[in-house]
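A short write-up of the structure that comes next.
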């Protein structure tokens, strides 16, 4: 909530904008940690009954948003300075940045579905100008596609939320909140509920980047400035997916709605298509963007499988590890872009020699996001496999393993060539990388490593709590 | 069936007709005019349903709609994109107009059959022509988005889709809190404003608003390959 003040203070002077952004995002992070700890100890924190509250599931998402927004603010500091923008556009950048973060933080906090819809639409418009920030042909094209497709999705989702409201009335009424919906679900007509779910899945799925509707995502997520990519890919998608996940307890309560099947089909399709697209990318930021499509598919699939608490827990765990690792990847890509000045995979070779820091972090990020063993993503994917197998969904898991394997080789093939390949061309010479970028990289990287081996107790409890919110 | 019901039916029919008009319009200006007419019809339908079911809430919806969509949104559009709207220029689409209209007609019929099971599931007082027409307008909007190439008609198609969702909504979700309606309207204004800024930036930096021609971001385009080989 103190972010409104921060957003306003982002306006006047560039220096102040930066300072205010850093201070407010750190403040918000501290506050969300506090809220999350209270959620762990009390089960839920209610600010305004019926309108604003935080429970386990929203606590996880809130924490992720606050964390990535803080590291991205840190990264923006050095990244923008290195790209030497004029002060007027810096002001616009920070103002939009704060508004964007504010709108994302509001997604998990609001309880009324239609308000959440509005906030989701706001995240689109607040981030549109961040995507087009570079004002190049490509950036503007990406931003335009992003806005048009997301808003189209939003209109479809709006109809979905209105049908949901109607099914609530048909089911006897009550307060139109997530909890109220779950309570009224058994009495709702399944056909209405199912229609609402499909409309919302398609509508919001556009913004999450699920496969038939994913075409804008690699464009927007590759053309935006790197700190913004980290936010878009790392948390915005997760936050919108959270809204879809919110519907699962409602649908499970109503017999005869095939929400799980829809989720599994969309999830598998996303993972599969993204895996093959990963093999043939030419731009390393696009590569990470496709990997986002893949991971969103994995999370949705895991949530669809979730009839046991283990699967649901691992879905949330996957969301957590994906967010951390993906923000790291985009920071690494940003550093690499500063070091070599091109996004093309084909023209980056031997990065480990020209810029050791960028090379090592890109390798580290590539390994981590592809799911190599010591990293957190491996653990979360493995826990999904195990939980899925325990439920006897052999075919789904086999396909999932196959697709993840293809994606794994795709990412590592490209990263390997970029980092170790021999370059015939003379290098541009060493570029001094901004200290704040390295700091953001370091903090996130440390956490990515740490979660691979150690899970703090309160966080574990928060995830478990979130998993119980996902079911009834 | 009361007079109010038949009047509402008339408003619905005209509402659907404006959506067809948006599919077929030849000028950005007429597309905007059709959108204004459509929003007025939405407000009229809300008013009629409000009278019919004696719901002051729907009067609120009608007022919010007129203020936001008939007055403010066109005003913002004219302010930010004056040149785009008033230059007399044919705005083409991928298919020719008769074909487009035929496809649109098919979509409208599909929408009707899609909503039949929904209509059965809800109580009688929430039923009506609004639901099928709302779904149809959403489908028509999606179709328009697919075939149009110019920025302003695309934006208007998006707004028309939102109108369609609301048209179904005033019948389906009649008791939605007014706060929500107000927030949605405000949101619509911000959307139009940002889109306007974006379209202007596109015009300034690329020199055209024919966004259908923006196709640089592809996976495997020949010119990207050429660029790559030159750099190598």
How many residues of segment A:338-359 are away from chain B (no Cβ under 14 Å) and closer than 20 Å to residue A:82 by Cα? The answer is 9
Is it the case that residue B:131 is assigned to a helix (DSSP H, G or I) and under 11 Å from the mean Cα position of the chain (by Cα)?
no
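Quick one: is residue B:140 at pLDDT 85 or above, closer than 25 Å to residue B:211 by Cα, within 11 Å of the chain's Cα centre (by Cα) and more than 10 Å from every other protein chain (Cβ to nearest Cβ)?
On the way: at pLDDT 85 or above: yes; closer than 25 Å to residue B:211 by Cα: yes; within 11 Å of the chain's Cα centre (by Cα): yes; more than 10 Å from every other protein chain (Cβ to nearest Cβ): yes.
When the stated conditions are applied, residue B:140 passes them.
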Which residues, counting only those in segment B:143-195, are touching a strand residue (DSSP E or B) at 6+ places or on another chain (Cβ under 7 Å), more than 9 Å from chain A (Cβ to nearest Cβ) and in a helix (DSSP H, G or I)?
B:147
Can residue B:127 be described as more than 10 Å from chain A (Cβ to nearest Cβ) and touching a strand residue (DSSP E or B) at 6+ places or on another chain (Cβ under 7 Å)?
no
Which numbered condition in (1) in contact (Cβ under 8 Å) with a residue 40 or more places away in the chain; (2) more than 14 Å from chain A (Cβ to nearest Cβ) is the only one that residue B:112 fails?
(1)
Looking at B:217, B:198 in this structure, which one is assigned to a loop (DSSP other than H, G, I, E, B), crowded, with 16+ Cβ neighbours inside 10 Å and either modelled with pLDDT under 80 or within 7 Å of another protein chain (Cβ to nearest Cβ) (or both)?
B:217
Do we have any residue at all in segment A:385-406 that's buried (at least 19 other Cβ atoms within 10 Å of the Cβ), free of Cβ contacts under 8 Å to residues at least 40 places away in the same chain, within 17 Å of residue A:289 (Cβ to Cβ) and out of contact with any strand residue (DSSP E or B) (no Cβ under 6 Å at 6 or more places or on another chain)?
no
Can you find, within segment B:201-213, the residue that is nearest to the other protein chains (Cβ to nearest Cβ) among those that are at pLDDT below 80 and buried (at least 20 other Cβ atoms within 10 Å of the Cβ)?
B:211
Taking residue B:51 as the residue in question, decide whether it is surrounded by 14 or more Cβ atoms within 10 Å (Cβ to Cβ), within 27 Å of residue A:171 (Cα to Cα) and over 16 Å from the mean Cα position of the chain (by Cα).
yes
Yes or no: segment A:423-437 includes at least one residue that is over 22 Å from residue A:284 (Cα atoms) and surrounded by fewer than 16 Cβ atoms within 10 Å (Cβ to Cβ).
yes
State the number of residues belonging to segment A:348-371 that are in contact (Cβ under 8 Å) with a residue 40 or more places away in the chain and in contact with a helix residue (DSSP H, G or I) (Cβ under 6 Å, 6 or more places away or on another chain).
14
Within segment A:130-162, can you find the residues that are more than 7 Å from every other protein chain (Cβ to nearest Cβ) and more than 30 Å from residue B:176 (Cα to Cα)?
A:130, A:131, A:133, A:134, A:136, A:139, A:145
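Quick test for you: out of A:350, A:341, pick the one residue that is over 14 Å from residue A:362 (Cα atoms) and surrounded by fewer than 24 Cβ atoms within 10 Å (Cβ to Cβ).
Working: A:350 fails: over 14 Å from residue A:362 (Cα atoms).
Checking each option against the conditions leaves just A:341.
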Filter segment B:65-80 for residues that are within 19 Å of residue B:178 (Cβ to Cβ) and surrounded by fewer than 16 Cβ atoms within 10 Å (Cβ to Cβ) and give the result.
B:67, B:71
Kindly check whether there is at least one residue in segment A:169-188 that is buried (at least 24 other Cβ atoms within 10 Å of the Cβ) and at the interface with chain B (Cβ under 10 Å from one of its Cβ atoms).
yes
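The values are calculated or read from the model by the stated rules, or taken from the named source; none is laboratory data. What you see is a predicted model, and the numbers here were worked out from it, not measured in a lab. Backbone-built Cβ (ideal geometry, glycine too); neighbour counts: all protein chains shown.
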